[in-house]
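Trainee: I am attaching a structure below and will ask some questions about it afterwards.
The values are calculated or read from the model by the stated rules, or taken from the named source; none is laboratory data. The model shown is predicted, which means the values in this text are computed figures rather than measured ones. Reconstructed Cβ throughout: ideal geometry from the backbone, glycine too, with neighbour counts over all protein chains shown. To get the accessible areas, we keep the full protein, side chains included, count just its heavy atoms, and leave off ligands, DNA and RNA. Shrake-Rupley method; radii C 1.70, N 1.55, O 1.52, S 1.80 Å.
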Amino acid sequence: MKVALSKGMAIALFCFGLVSTNPSVAQEKKPTVDRKWWKEAVVYQIYPRSFKDTDGDGVGDLKGIIQKLDYIKSLGIDVVWLNPIYGSPNADNGYDISDYQSIMKEFGTMEDFDALLKGMHERGIKLVMDLVVNHSSDEHKWFQESRKSRDNPYRDYYHWWPAEKGKPAFRPGAFEADGSGWRHDKQTDSYYLHYFSYKQPDLNWENPKLRQEIYSMMNWWFQKGIDGFRMDVIPFIAKDTTFPVITQADLDKNYQGRWDVFMASGPHLHDYLKEMNKEVLSKYDVMALAEGAGMTLKSAHDFVDADRKELDMGYHFEGTNLGYIPGYFKKMNPKWSLVDFKKIYSDWDAVYDQKGWGTIYLGNHDQPRMTSRWGNDAPEFSAVSSKMLTTFLLSMKGTPYYYNGDEIGMVNAKFNKIEDYRDIETIAEYEKVKIAGGDLKQFIEDQKTGGARDNGRTPFQWDSSKNGGFSTAEPWLKVNDNHTTLNAAAQEKDPNSVLNYFRKMTKLRKSNPVLVYGKYTLLDKENPNVYAYTRELDGKKVLVLLNFSAKNAVANTGINLKNAKVLINNYATVSKKATLRPYEALVLELK
Ligand code: NOJ
């Protein structure tokens, strides 16, 4: 397989003995790592709805992304992952697809898509799309047919339960106020399954015809030239379709007490993924990323080990679930433990030590802003803590997935009223609290720091003008008020801005293969404030020191820093001390 490396990376890998242009040398010195372009890439995630609006309807569009391609290129990223852009009635912002081979009207046309893909490829950027095939929209023609009659040829494209058998066993429906994943449909007096909202009926992967439709759709996109798929809740596609009653005791005994583990990775999952690999993925030089809902340290390898011929990477939820208080909807404990955080990321690193390949992320469209959640969005710490988190993401092993807006340090919107939220999940959770007679004010407060997904979805802050330069019209979701001071235009002018720090970090990672392939070792494990680790590759050793606290904190690594060379530091005045300033990040090459 041909691997397209940046010039800098190719030279650096050559120096580290990983590649050789001389065949005899190559034979003696086998590469120590199985190199792939997607291992060396930095992935930049774009939420198209909030990126840039060019047609004045308050919704981002593909032409907006095209307009910003030079900006995207300037970040030093290699791959763009786009959230769903297909035909959709938008019950869940495109995660409810009514036509897999069209472009959502609000986003533009297929011609716009072709121009976008071309523009990316011309700039050496790869394009990864979102594949949402656990469910479709209820407005997809398959479902419209399926619900018509019990003997419709599309009936078995979905999961139906005839009402005469009684009510089906409980399954959760994530975006429904009553919490139920089954909905009664009058027309055929049957229930259908929907793990998310009733507008997102689950597809029946046991039906080979359905699987073939999906593979041919995937092939169609690959033939258009896309470079991969991020696969939405892919472990959910396989479930026990006898739908047995499952009790809390069953969950506790068999599935770590977690519904998401039970709902995921059902019978035949890996048969389906192998089949998908054979029929689609194996034919192209592309990447496949599993959204690892329900994925565990134990099951991770089943998805990504190369010899299994399934997918390439997965992302887990253990990191982003840390700190939530049980019994509440994504209510964050402000005293979450850094020691636990380090353990999670170290365990996930270890799992791929010998085989497979990991990913690393702190933010995406389902998460609050990383700076508000894991850093500190108070004015005095916002920029520095955001740079510190960027240092973490780009100095860990595993492919970094970096969310748009984080490169300028955007923070949570912290809306004060439910009317400002647009997200189906937050609205459903609010309804649940209302039905239960709970404290609605407290719920709104909790969303400001916790999980409300709209915190991460507010429009991109391009400049200080009205609507942050995102749109000339009223945006679909309010722009954060702080766009007057926190925006890309202002940061372009400042060499020490969060934005320019991100660019330096992507460059650093590109020019130091040790940051991509080097062995990770956690140091000073019990330190409650500092995350310290080394990365090592072929004699080169880098030390990363990150202060996750608002106070000075000492890194007890036992390493003498005297001869170390500073590769990057997130303060204007560089220091090389084991005592780190608040949210300081220091990357050192050890001599
Ligand atoms: C995960 C996606 O990231 C999220 O945004 C969506 O709501 C659910 N899957 C359902 O598709």
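Trainee: Evaluate the following for D112: is it more than 23 Å from Y198 (Cα to Cα) and either crowded, with 20+ Cβ neighbours inside 10 Å or touching a residue at least 40 places away in the same chain (Cβ under 8 Å) (or both)? Please lay out each step first, then the result.
Mentor: Values: more than 23 Å from Y198 (Cα to Cα): yes; either crowded, with 20+ Cβ neighbours inside 10 Å or touching a residue at least 40 places away in the same chain (Cβ under 8 Å) (or both): yes.
For D112, the condition - more than 23 Å from Y198 (Cα to Cα) and either crowded, with 20+ Cβ neighbours inside 10 Å or touching a residue at least 40 places away in the same chain (Cβ under 8 Å) (or both) - is met.
Trainee: Out of curiosity, is A572 within 30 Å of A378 (Cβ to Cβ), part of a loop (DSSP other than H, G, I, E, B), out of contact with any Phe, Trp or Tyr (no Cβ under 7 Å at 6 or more places or on another chain) and among the hydrophobic types (A, V, I, L, M, F, W, C)?
Mentor: Taking the combined requirement at face value, the residue satisfies it.
Trainee: Just the residues that are among the hydrophobic types (A, V, I, L, M, F, W, C) and closer than 20 Å to L289 by Cβ, please, taken from the stretch 222-251. Walk me through it before giving the result.
Mentor: From the stretch 222-251, those among the hydrophobic types (A, V, I, L, M, F, W, C) are 222, 226, 229, 231, 233-234, 236-238, 243, 245-246, 249, 251; that's our starting set.
Listed by number, the residues that qualify are F222, I226, F229, M231, V233, I234, F236, I237, A238.
Trainee: Right, another one. Taking K126 as the residue in question, decide whether it is charged (D, E, K, R), within 28 Å of D406 (Cα to Cα) and touching a Lys or Arg at 6+ places or on another chain (Cβ under 7 Å). Spell out the reasoning first.
Mentor: On the way: charged (D, E, K, R): yes; within 28 Å of D406 (Cα to Cα): yes; touching a Lys or Arg at 6+ places or on another chain (Cβ under 7 Å): no.
So K126 fails the test.
Trainee: Can I ask one more? For the structure I just gave you, tell me whether Y100 is within 19 Å of the chain's Cα centre (by Cα) and of a type in the set (S, T, Y).
Mentor: Details: within 19 Å of the chain's Cα centre (by Cα): no; of a type in the set (S, T, Y): yes.
No, not satisfied.
Trainee: Hey, can you tell me all the residues within the stretch 214-238 that are within 24 Å of the chain's Cα centre (by Cα) and either of a type in the set (G, A, S) or modelled with pLDDT under 95 (or both)?
Mentor: Matches in the stretch 214-238: G225, G228, A238.
Trainee: Restricting to the stretch 294-314, count the residues that are open to solvent by less than 10 Å² (accessible area, probe 1.4 Å) and closer than 18 Å to Q256 by Cα.
Mentor: Residues that pass the stated criteria total 3.
Trainee: Between T557, T579, which is surrounded by 15 or more Cβ atoms within 10 Å (Cβ to Cβ), of a type in the set (S, T, Y) and touching a residue at least 24 places away in the same chain (Cβ under 8 Å)?
Mentor: Working: T579 fails: surrounded by 15 or more Cβ atoms within 10 Å (Cβ to Cβ).
None of the other options fit; the residue is T557.
Trainee: Pull up the stretch 193-230, narrow it to residues that are in contact with an Asp or Glu (Cβ under 6 Å, 6 or more places away or on another chain) and within 25 Å of D114 (Cα to Cα), then point me to the one that is farthest from the ligand (Cβ to nearest atom).
Mentor: Within the stretch 193-230, the match that is farthest from the ligand (Cβ to nearest atom) is Y215.
Trainee: For the stretch 360-399, how many residues are part of a strand (DSSP E or B) and surrounded by fewer than 24 Cβ atoms within 10 Å (Cβ to Cβ)? Steps first, please.
Mentor: Taking the stretch 360-399 and keeping what is part of a strand (DSSP E or B), we get 360, 399.
Right, trim to surrounded by fewer than 24 Cβ atoms within 10 Å (Cβ to Cβ) and you get 360.
Counting residues in the stretch 360-399 that are part of a strand (DSSP E or B) and surrounded by fewer than 24 Cβ atoms within 10 Å (Cβ to Cβ) gives 1.
Trainee: Can you tell me which residue within the stretch 189-200, out of those that are aromatic (F, W, Y) and farther than 17 Å from N93 by Cα, is most open to solvent (accessible area, probe 1.4 Å)? Break it down stepwise before answering.
Mentor: First, the residues of the stretch 189-200 that are aromatic (F, W, Y): 191-192, 195-196, 198.
Pick out the ones that are also farther than 17 Å from N93 by Cα and you get 191-192.
Values: Y191: 38, Y192: 2 Å².
Filtering first and then ranking leaves Y191.
Trainee: Still on this model: For the stretch 493-529, which residues satisfy the criterion of being open to solvent by 20 Å² or more (accessible area, probe 1.4 Å) and among the small types (G, A, S)?
Mentor: S511
Trainee: Could I ask something else about it? Return yes when A249 is open to solvent by 50 Å² or more (accessible area, probe 1.4 Å), small (G, A, S) and not in a loop (DSSP other than H, G, I, E, B) and no when it is not. Break it down into steps so the answer makes sense when it comes.
Mentor: Values: open to solvent by 50 Å² or more (accessible area, probe 1.4 Å): yes; small (G, A, S): yes; not in a loop (DSSP other than H, G, I, E, B): yes.
Considered against the rule, which asks whether it is open to solvent by 50 Å² or more (accessible area, probe 1.4 Å), small (G, A, S) and not in a loop (DSSP other than H, G, I, E, B), A249 comes out as yes.
Trainee: Given the condition away from the ligand (no atom under 15 Å from the Cβ), open to solvent by 60 Å² or more (accessible area, probe 1.4 Å), without any contact (Cβ under 8 Å) to a residue 12 or more places away in the chain and part of a helix (DSSP H, G or I), answer yes or no: does some residue in the stretch 181-188 qualify?
Mentor: Here is the first cut: in the stretch 181-188, the residues away from the ligand (no atom under 15 Å from the Cβ) are 182-188.
Still in the running and open to solvent by 60 Å² or more (accessible area, probe 1.4 Å): 183-184, 186-187.
The next check asks that each one be without any contact (Cβ under 8 Å) to a residue 12 or more places away in the chain; those that pass are 186.
From the residues that got through so far, the ones that are part of a helix (DSSP H, G or I) too are 186.
Checked the stretch 181-188: at least one residue is away from the ligand (no atom under 15 Å from the Cβ), open to solvent by 60 Å² or more (accessible area, probe 1.4 Å), without any contact (Cβ under 8 Å) to a residue 12 or more places away in the chain and part of a helix (DSSP H, G or I).
Trainee: Identify all residues within the stretch 234-246 that are under 15 Å from W160 (Cα atoms) and open to solvent by 70 Å² or more (accessible area, probe 1.4 Å); write none if there are none.
Mentor: Residue satisfying the conditions is T242 alone.
Trainee: So, of the residues in the stretch 407-430 that are of a type in the set (G, A, S) and away from the ligand (no atom under 13 Å from the Cβ), which turns out to be surrounded by the fewest Cβ atoms within 10 Å (Cβ to Cβ)?
Mentor: First, the residues of the stretch 407-430 that are of a type in the set (G, A, S): 409, 413, 428.
Restricting the remaining residues to those that are away from the ligand (no atom under 13 Å from the Cβ) gives 409, 413.
Values: G409: 28, A413: 26.
Taking the candidates together, the pick is A413.
Trainee: Working only within the stretch 450-479, note down all residues that are open to solvent by 20 Å² or more (accessible area, probe 1.4 Å), away from the ligand (no atom under 16 Å from the Cβ) and in contact (Cβ under 8 Å) with a residue 60 or more places away in the chain.
Mentor: Answer for the stretch 450-479, where residues must be open to solvent by 20 Å² or more (accessible area, probe 1.4 Å), away from the ligand (no atom under 16 Å from the Cβ) and in contact (Cβ under 8 Å) with a residue 60 or more places away in the chain: T472, A473, E474, K478.
Trainee: Can I ask one more? Among the residues of the stretch 150-180, how many are under 22 Å from I97 (Cα atoms) and surrounded by fewer than 14 Cβ atoms within 10 Å (Cβ to Cβ)?
Mentor: Going through the stretch 150-180 one residue at a time, the tally reaches 1.
Trainee: Hey, another quick one. Residues in the stretch 111-152 that are within 16 Å of the ligand (Cβ to nearest atom) and of a type outside the set (F, W, Y): how many? Spell out how you get there, then give the answer.
Mentor: Initially, the stretch 111-152 is screened for residues within 16 Å of the ligand (Cβ to nearest atom), giving 128-140, 143.
Filter once more, keeping what is of a type outside the set (F, W, Y): 128-140.
The number of residues fulfilling the criteria is 13.
Trainee: Taking the conditions exactly as written (surrounded by fewer than 20 Cβ atoms within 10 Å (Cβ to Cβ), assigned by TED's automatic domain parsing to the domain that holds G398 and farther than 26 Å from N83 by Cβ), does A490 satisfy them or not?
Mentor: Working: surrounded by fewer than 20 Cβ atoms within 10 Å (Cβ to Cβ): yes; assigned by TED's automatic domain parsing to the domain that holds G398: yes; farther than 26 Å from N83 by Cβ: yes.
So A490 fits the description; yes.
Trainee: Has the stretch 123-140 got at least one residue that is under 19 Å from E213 (Cβ atoms), out of contact with any helix residue (DSSP H, G or I) (no Cβ under 8 Å at 6 or more places or on another chain) and open to solvent by 40 Å² or more (accessible area, probe 1.4 Å)?
Mentor: Yes, the stretch 123-140 contains a residue that is under 19 Å from E213 (Cβ atoms), out of contact with any helix residue (DSSP H, G or I) (no Cβ under 8 Å at 6 or more places or on another chain) and open to solvent by 40 Å² or more (accessible area, probe 1.4 Å).
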